[in-house]
Amino acid sequence: ADGSVWCWGDDGAALGNCIDDFSNTPQRVAAIDDATSLSVFRDATCVLRAAGAMWCWGHEPQTGRGNAQARLCEPERVADLGGVRYMAQGSSGRSNYAITGQNTVYGWGRNSSLAGVVGLLGIDDPNTLTFDTPQALAGF
């Protein structure tokens with residue numbers, strides 16, 4: 001494995017370029033050449049890079065960028081999150097988690113289900129349904 005990432009599917013944001021709306025053949029994601037793991041889910045894709053930085057692209061809030069941009073077309077580093085040693089997607093496909101070298105667990109994305117159940121990220125805040133930046137989770 002050379003650390004490159006290749007994507008295909010029906011959304012340019014998922015492909016990492018926002019140029020192609022659909023590709024049934026793998027397209028190389030630019031600027032990623034040192035990926036050590038990959039998390040692909042419904043609305044966004046994230047990679048863990050060799051230096052411990054997490055980069056994502058796709059649709060908010062799963063990219064963790066903290067902006068109102070509907071689509072993040074190219075990979076960008078998840079701000080204020082370094083030293084990541086493990087990452088995973090939530091079971092709903094609408095959230096992300098990361099564990100840093102200091103054993104701090106972070107989560108972001110949807111904190112509620114479509115049925116209105118709040119706290120899916122592990123954050124008991126009935127007033128916030130979505131966290132678009134990484135939140136340190138207590139109790140881990």
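The values are calculated or read from the model by the stated rules, or taken from the named source; none is laboratory data. Small disclaimer: the values here were computed from a predicted structure and weren't measured. Note that we place each Cβ from the backbone using ideal geometry, even for glycine, and neighbour counts take in every protein chain shown. In case anyone asks, the SASA skips ligands and DNA or RNA and just uses the protein heavy atoms, side chains included. Shrake-Rupley method; radii C 1.70, N 1.55, O 1.52, S 1.80 Å.
Structure notes:
- Check on Gly93, under 16 Å from Cys56 (Cβ atoms) and either assigned to a loop (DSSP other than H, G, I, E, B) or not hydroxyl-bearing (Ser, Thr, Tyr) (or both): yes
- Number of the condition not met by Leu48 [criteria: (1) open to solvent by less than 40 Å² (accessible area, probe 1.4 Å); (2) part of a loop (DSSP other than H, G, I, E, B); (3) modelled with pLDDT of 85 or more]: (2)
- Subset of the range 82-108 [closer than 25 Å to Trp8 by Cα, touching a Lys or Arg at 6+ places or on another chain (Cβ under 6 Å) and modelled with pLDDT of 85 or more]: Ser95
- Checking each residue in the range 18-34 for being at pLDDT below 80 and either of a type in the set (Phe, Trp, Tyr) or crowded, with 18+ Cβ neighbours inside 10 Å (or both) picks out only Phe22.
- Residue count for the range 59-81 satisfying the condition of being closer than 14 Å to Phe131 by Cβ, at pLDDT below 70 and hydrophobic (A, V, I, L, M, F, W, C): 1.
- Taking the numbered list (1) part of a strand (DSSP E or B); (2) of a type in the set (S, T, N, Q); (3) closer than 14 Å to Ala14 by Cα in turn, Gln62 passes all entries but (1).
- Count - residues of the range 35-45 that are of a type in the set (Gly, Ala, Ser) and at pLDDT below 90: 2
- Any hit, the range 107-121, residues being on the phi > 0 side of the Ramachandran plot, in a strand (DSSP E or B) and in contact (Cβ under 8 Å) with a residue 24 or more places away in the chain: yes
- Restricting attention to the range 1-30, the residues that are aliphatic (A, V, I, L, M) and closer than 13 Å to Leu72 by Cβ total 4.
- Which listed residue is crowded, with 16+ Cβ neighbours inside 10 Å and either more than 18 Å from Leu38 (Cβ to Cβ) or in contact with a Leu (Cβ under 6 Å, 6 or more places away or on another chain) (or both), from Pro126, Pro134: Pro134
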